[in-house]
Amino acid sequence: MNISARITEEMAAMPNLDGSKVRLGQVEAATRLIDEGNTIPFIARYRKEATGSLNDEQLRFLGERLTALRNLEDKKQQVLSAIEEQGKLTKELRQRIEAAMTQVAVEDLYRPYKQKRKTRAGIAREKGLEPFADWILSGKADKELLTEAVKYVTKPEIMQDPEVPEEKKVDSAQTALQGAQDIIAEQISDDADLRTWIREKTWRDGTLATAEKKEAKSSAAAHGTKETKSSAAAHGTKEDRRNVYEMYFEFEEKISKLPGHRVLAINRGEKENYLTVKLNAPEEEILKHIGGWFAGKNRYTADVLELTAKDAYERLIAPAILREIRGRLTEEAEDGAIQVFRKNLEQLLMQPPINGQTVLGWDPAFRTGCKISVVDPTGKVLDTTVVYPTAPQNKVAEAKAVIRKLIEKDNVSLISLGNGTASRESEQVIVELIKELQRENPQRKPLQYIIVNEAGASVYSASKLATEEFPNFDVGQRSATSMARRLQDPLAELVKIDPKAVGVGQYQHDMNQKKLDEALGGVVEDCVNHVGVDLNTASFSLLSYVSGISGALAKNIVAYREANGRFQSRRELLKVAKLGPKAFEQCAGFLRIRDGKEPLDATAVHPEDYAAVEQLLKSLKLEDNMEGFREVKKQVPKAEVKKRAAELGLGEITLTDILNELEKPARDPREEMPGPILRSDVLSLEDLKHGMKLKGTVRNIVDFGAFVDIGVHQDGLVHISRMTKRFIKHPLEAVHVGDVVDVTVLSVDVGKKRIALSMVE
């Protein structure tokens, strides 16, 4: 199998930017670059000439498939060698194994030759019953099978001989016949084509059925309550959790039609002991098909072979096939959920920063008080405190007085309120204070607030990283600081948190954690490198996601910076311990140095192209500074790019990228994204009415819809059917995390805290 050709075919659904199909040469070039140890962000940004401008998403897919297909080829070679050692490798078998497209197909072909643990068929072969099995299958049977079986019964004198092993003795004709059936059953089971047919048939026509587990049912009856599903999330009682799975207590659906989110929900319900799950295969049709496997069936063998076929299916084939199908359902559901998670995470990380504002971070709570942290526009913490406006203290006036002083003292212009416990009560206090300040001084710039998703804040605040960053802060102060900072620069703050904990996925804790971590880590890496990182201010966490920089190198960079002060040039990176030429090549273009010795160090232009840029500036009589950079593109018309590229020894794509970068040097691509909705008044769940039109921010996307923040602490759900007038297969076709959308309220269930929204008029 030509791996590159296979990947090229698979990438047909991921066309080039111009709409053309990905070519074999692009895949081969990218493969070489990956094999040379280049990172995906580096290849995507600085090796476009070689790959034909394959983007990050295409390259990550290519890298994943390259690994999978190489593993498949390794498996094929192992199997071929094992069969060849047995002297059973035919030309036809070799061709079939080499042509196999999946690991499952290779395993099916290998099954008859695989060393098995002691099986019933193996025991029967040791008793010398294989010729009897062959005779039954030959179609030549001309007598009752038990009559023929007598020939294979061990003679009485041998039965009494202690030197003859027991496993070689046959004590009766019935034992001989059963042994022959066991051999035939295993032969049926080992037929690769038959297993493939059964697998596909079961997938296409089988069903998955679920029911409430008896133990869960009896426990619920004893509990005697009817709490809501929303209460489940809040209180987490056994009855609450049970209610989450109500729709699956009597549920059946075709295997091939099951959406991924249902598969994951069912898996969780089974794991939590609320559901029983059964796969139902079209057994009658399968047994009929297996019957065709017997070419020479006659009146003496028909009944026995029918029983043998049933035994082969029920004992040897069905358990394995159903296990495989269940595994496939889960794997495909996980892959789908991971893709959605990747998209959501990318959009969350690429939210635009709020620059130039002093932000008051508010981490709400009841008993322990609300933690407050004021952070200046650079992210420096100015003040921290605790206020108690919520129950049980209810010191609203005192809290307002404290917050008012901080606002005036630190010139706070924005409040970032976490959406956790006591958020609703805290919001009321904030809105009252905003109105009071406005009444006192109508001329002042209105103070605004925003409710931020505090998912992951508690994880970060209790982490080793947070302890090192703020050794004198308690977890509440760290959390409040995180609230403020994730508004100022979402990317820089959120990279400190495990991507699984940022609140934009579904069933993330039920998935293959290694696969999920790799996928999400790739997303963070792509986002960090797409934006670029300030070498002199970046945290260890942010640096560790830069192309070519490991965790150890990130620590060394921070240590060097602390010991020697600011980096003055990218070249200075080569003085960092263990950061060699290869690592420098991979990371340099993504690291920014503002106000350094080399103006180009503040841009995304790679140091390998500095000489060409300097030559270009000289030829255009432009200064080597930001003002000069901005003039370059104006003086190099599109029609001249090819000629200029040849003169400079650059590729046309590379020069185009350089010209675009110099036009807006050090631009932040996140600035092109829609900003968050800032609020100055409060809206409650009870305020919502059918038909009310609101603006909201998409917080999370799942397979069946999108959750939208409309400012009432409980996100509303826009079902996929209410997103657009045209048919869409997935919500991601219509919206992205962070999108500001116009919605209409369809219904409100105050008791269950559910809001149904529509994006369609």
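Scan region 29-108 for GluC sites (Glu not before Pro) in coil per DSSP, keeping those whose Cβ has at most 10 other Cβ atoms within 10 Å, and list them by number. Intermediate values should be presented prior to the final figure.
On the way: sites: E36, E49, E57, E64, E73, E84, E85, E92, E98, E107; in loops: E36.
Of the GluC sites (Glu not before Pro), the ones in loops of region 29-108 whose Cβ has at most 10 other Cβ atoms within 10 Å are E36.
Placing +1 on the Cβ of each Lys and Arg and -1 on the Cβ of each Asp and Glu in the chain, which of L543, T724, Q115 has its Cα farthest towards the positive end of the resulting dipole?
T724
Can you give the % of DSSP beta bridges in the chain that are antiparallel, to the nearest 5? Present the calculation step by step, with values, prior to reporting the outcome.
Working: 42 of 55 bridges.
Just about 75 percent of them are antiparallel.
Considering lysine pairs in region 685-758 that are 8 or more places apart or on different chains, how many have Cα atoms under 21 Å apart?
On the way: K689/K752; K689/K753; K693/K725; K693/K753; K695/K725; K695/K753.
Close lysine pairs under the 21 Å cut-off: 6.
Working from Cα positions, state the angle (0 to 90°, nearest 10) between the long axis of helix 610-619 and the longest principal axis of the chain.
50
Within straight cross-link reach of K496, meaning Cα distance under 16 Å, which lysines are found once same-chain residues fewer than 8 apart are removed?
K464, K555
May I ask for the Kirkwood hydrodynamic radius of region 569-668, worked out over all distinct Cα pairs and given in angstroms to one decimal? Let's see the in-between values first.
Working: mean 1/r = 0.0713 Å⁻¹.
Taking the inverse mean of 1/r over all distinct Cα pairs, region 569-668 comes out at 14.0 Å.
What number results when the radius of gyration of region 3-113, computed over Cα atoms, is divided by 2.2 N^0.38 Å?
Working: Rg = 17.1 Å, N = 111, 2.2 N^0.38 = 13.2 Å.
Ratio of Cα Rg to 2.2 N^0.38 Å: 1.30.
Between region 721-756 and region 1-63, what is the separation of their alpha carbon centroids in Å?
So the two Cα centres are separated by 35 Å.
Quick one: angle between helix 24-35 and the longest Cα principal axis of the chain, in degrees between 0 and 90, rounded to 10, please.
Long axis of 24-35 versus the principal axis of the chain: about 80 degrees.
Students often check this: by mean Cβ neighbours within 10 Å, which of 357-368, 114-125 ranks highest, and how do the rest follow? Mind showing how you got there, number by number?
Working: 357-368: 22.0, 114-125: 14.2.
Put in order of decreasing packing, that is 357-368, 114-125.
So if I take the centroid of the Cα atoms in region 512-577 and the same for region 603-655, what is the distance between those two points in Å?
Spelled out, the Cα-based centre of one part sits 28 Å from the other.
Using per-residue counts of other Cβ atoms within 10 Å, averaged over each peptide, order 685-691, 449-455 from highest down.
Working: 685-691: 11.6, 449-455: 22.4.
Listed from highest to lowest mean packing, they are 449-455, 685-691.
When only DSSP loop residues count, what trypsin sites (Lys or Arg not before Pro) in region 572-608 have their Cβ near at most 15 other Cβ atoms within 10 Å?
Here the sparse-neighbourhood loop sites are K578, R594, K597.
Which whole-number percent gives the relative contact order of region 359-488, counting Cα pairs below 8 Å spaced six or more residues apart?
32
How about region 1-85: which trypsin sites (Lys or Arg not before Pro) there are in a DSSP loop, with at most 12 other Cβ atoms within 10 Å of their Cβ?
On the way: sites: R6, K21, R23, R32, R45, R47, K48, R60, R65, R70, K75, K76; in loops: K21, R23, R47.
Sites meeting the loop and neighbour criteria: none at all.
Using alpha carbon coordinates only, what is the Rg to Rh ratio of region 685-758, with Rh defined as the Kirkwood radius?
On the way: Rg = 11.4 Å, Rh = 12.2 Å.
Rg/Rh: 0.94.
Cut-off under 17 Å on the C-alpha distance; same-chain residues fewer than 8 positions from K514 excluded. Which lysines are left, in chain and number order?
Cα-Cα hits under 17 Å: K500.
Note the count of lysine pairs whose C-alpha atoms are less than 19 angstrom apart in region 120-189, limited to pairs 8 or more residues apart or on different chains.
Pairs that pass both the separation and distance tests number 10.
What angle do you read, to the nearest 10 degrees and between 0 and 90, between the alpha-carbon axis of helix 302-311 and the longest principal axis of the chain?
In the chain, helix 302-311 runs at an angle near 30 degrees to the longest axis.
In the set (1) 26.8; (2) 34.8; (3) 31.4, which value of Kirkwood radius over Cα pairs in Å was calculated from the structure you see?
(3)
Cβ under 13 Å from P162's Cβ, P162 left aside: what net charge do those residues give with Lys, Arg +1 and Asp, Glu -1?
Numbers: positive: K168, K169; negative: E157, D161, E163, E166.
Around P162, the surrounding residues sum to -2.
Listed here are the pairs K118/K515; K271/K343; K380/K634; K380/K400; K76/K201; which of them are more than 31 Å apart at the Cα?
K118/K515; K380/K634
None of the figures in this text is laboratory data; all of them are computed from the coordinates on show. Everything numeric here is computed off the predicted structure, so don't read it as measured data. Because the Cβ atoms are built from the backbone with ideal geometry, glycine has one as well, and the counts that use them run over all protein chains shown.
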